[in-house]
Structures are given as C-alpha cells and as structure tokens.
Amino acid sequence: MNQAVNASQTTTPIINSTMQAAYIESYGEQSPLMIGTRPIPTPAADQVLIRIAAAGVNPVDFHIRNGLIADTKVHTLPLILGWDAAGTVVAKGADVTHHELGDEVFVFAPIAQQGTYAQYLAVDANLVVAKPNTINMTESAGVPLAATTAWQGLVTEGGLQAGQTVLIVGAAGGVGGFAVQMAKALGAHVVASASGKNQAYVTGLGADEFIDYKTTRFEDRVNQPDLVFVISSGGDLVKRALNVVRPGGTVVSTLDDVAAEEWDANQVTFKRMWVQPNADDLAIIANMIDQGQVKVRLDRVYTLAQASDALARSEAQLAVGKIVIEMI
C-alpha cells in the first residue's frame, strides 16, 4: 500500500517514494500538527492517485484532531488531516475506466481514511469528479466537503423545495455560505443568521433576510419556517430551532444533537446529519458553480508549512468563507 508509484503510470514521473504532509501522531486539543514526510500511497485497482494542488480546511479536521471519533478506532496514527482536495490524476488502478491521466478533478474523500493535507492522495475513483471549469484549483479545493454538507443538509436531509422558507443558522462560514446560495438557487426564501459584521457578505450571497445573532434572537424575527439548518454549534440553538420551525417542518443540525422526546413532542422532524462523500452530489455542485448559481469565497490561503495556522483559524471560527492550503 505504501510503495512508490511506478513512473510509467503517471503523467509526471514521481521520483521520490515519499511526500510532504501535515499529520497528527496523537489526539487532543494540544496535539501538534506535524509537517514531514509520509509514503506516497499506491492506488488500489479501483482508485486513482491525485497529485494535490490544494486542500480545503473544515471544522471536522480539528474535531477529529481533538479526538471526536478517537474511541471508534477508525483511523490509524499517524493521521493526515483534511478530506477535500483538488488536483490532477497522475495514476490509476487497473479497474478504473472513467478517469484519465491528466484529468483535473476535485474530491470529498472518505473521512475514515487518510486525508488531503498532503502532496498525493489515493482515493476511490467513484468519488472523484471533474473540477468546475470556471474556477481554479485553489478555489475548487474549498468546495467538496463544505458544499456537499450544504447540499445534503438542505436537500437530502431537509427536503427543501421551491417556495419554502429556510432559516440558516451560521450563514457566514464555509458550509453556510454555500447553503445560502444553494437555497436561493432552489427557489427558497432564505433567512440567514450570522454576526452583524458579515451582513454585507451574507446578503451578497442572496439571503432575503439577515439576522444579527449577537443582537437578535432568530425566533423574534422568523415565524415557522419550513426548514431550519443549524450549522453553528453550542448553547441551545437546536432546541430554539425546534420551537420556531413550523409543525411538520424539519430541523437539520450538522453538529449538536437532542433527545428524540424533545423533537417528537414538537411534531417536527429532527436530523443530526453526518455528511457522506457522494460523486453525484458533487457533480451537481460543480454544475451549479459553472452555471454561476454558486460562487466560492476564499477566506485565506496558506502553504502546507502553515497548516497549523490554517487549522487554528478554523478552530477559532474566524473564517468568512473557505480556508485552503496550497501544496504547490
């Protein structure tokens, strides 16, 4: 698995058997993010090897570093963080027929596997999609995980339809920014909650109404929306959402959970979602970007050597838009 890739399989010869990567050797909030060499993975028969141009940074990265699923033993340490990326296919397994060497692609990689803060990634070819034509590699890297979360939260879990009203709680971050644009493209009335300093940004994405959560409780401004998409975490946000959504409506949360009796009593549906890689969803998102329905807002771009700073900015919840790490 961790052998050097034969140069004859690649568009550009891979001279070394190792790559630069950012990884952890232990879990915990104080665990350092190491920058060093790791073996270049060899793609399995159903995988492609991607030379990564840039990787997206998402909250799940620091949550996993902090030990969110450490007890599950899903990962093997050392663990490369990051689970979305854009780059070029440089090798492929014998069973892969729908990708060619040199294809420019992006991917939301399985969170249970090694990640994308690295120069190369071996990943299931069925999860890989041609990157959008209208944006560059760095912008493309900021899309897959966050945009897929937004799409699945609104559509797969939330069932959002044209003409409905959706309240998006946490609208200025990576997922929230995509969610506002997608909900608007789907024909919904979009109410967005975020910090007042980000009002111009969020309304510029297409929000019909804006709520500054620091000065106004959303239940004082919105009445019985069809869907509440809670992207922010902490406090009593989900419980408040359950009390504001219409009877028969839906509350979707990306982080916080509540007991079944709390939402069942309100005659609403509650879903604590866990985003899943899905090439079909990612292809829809790529098309929305190329059609101009969804734009990518980058917050900051870091080098691989600055990966710790990128992760710290994400954890401090300072990002407006997407944080990206460039490998080249």
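Using C-alpha pairs below 8 Å separated by at least 6 residues, the relative contact order for the chain is 18 percent.
Note on the stretch 146-272: Lys pairs 8 or more places apart or on different chains, Cα atoms under 25 Å apart, count 6. Projecting the alpha carbon convex hull of the stretch 146-272 along each direction and taking the average yields 6.5 nm². Residues in the stretch 221-227 carry Karplus couplings, in order, of 10, 10, 10, 6, x, 6, 9 Hz; the curve used is 6.51 cos²θ - 1.76 cosθ + 1.60 with θ = phi - 60°, and Gly or Pro positions show x. Working note: 222 nm ellipticity from helices only, DSSP H runs with n ≥ 4, each -39,500 (n - 2.57), summed and divided by the residues of the chain, gives -6000 deg cm²/dmol to the nearest 500. Ranked by the mean number of other Cβ atoms within 10 Å per residue, highest first, peptides 231-243, 38-50 order as 38-50, 231-243.
How big is the gap, in Å, between the Cα center of the stretch 28-73 and the Cα center of the stretch 113-138? Taking the Cα centre of the stretch 113-138 as reference, the centre of the stretch 28-73 is 13 Å away.
Along the stretch 102-117 the Karplus relation, 6.51 cos²θ - 1.76 cosθ + 1.60 evaluated at θ = phi - 60°, assigns HN-Hα couplings of x, 4, 8, 9, 9, 7, 9, 7, x, 5, 6, 10, 4, x, 10, 6 Hz to successive residues, with x for each Gly and Pro. A straight Cα-to-Cα reach below 20 Å connects Lys295 with the aspartates and glutamates Asp84, Glu104, Glu139, Asp208, Glu209, Asp280, Asp281, Glu326, residues fewer than 8 places away in its own chain not being considered. DSSP beta bridges confined to the chain are antiparallel in about 55 percent of cases. Straight-line reach from Lys73: taking Cα to Cα under 15 Å and skipping same-chain neighbours fewer than 8 places apart, the aspartates and glutamates in range are Glu25.
In order along the stretch 39-51, the phi-based Karplus estimate (6.51 cos²θ - 1.76 cosθ + 1.60, θ = phi - 60°) of 3J(HN,Hα) comes to x, 6, x, 9, x, 6, 4, 9, 10, 10, 9, 10, 7 Hz; Gly and Pro are listed as x. Multiplying the residue separation of Glu209 and Ser308 by 0.36 nm and subtracting their alpha-carbon distance yields 32.1 nm. Straight-line reach from Lys92: taking Cα to Cα under 28 Å and skipping same-chain neighbours fewer than 8 places apart, the lysines in range are Lys131.
Packing-based ranking of 99-105, 166-172 yields 166-172, 99-105, ordered from highest to lowest mean Cβ neighbour count within 10 Å.
Note on the chain: with a GNM built from Cα contacts shorter than 10 Å, the maximum mean-square fluctuation among Thr203, Thr116, Thr156 falls on Thr156.
The numbers here are math on the coordinates, done by the rules we state, and not lab data. Everything numeric in this text was worked out from a predicted model, so none of it was measured. Glycine gets a Cβ as well: all are built from the backbone with ideal geometry, and neighbour counts include every protein chain shown.
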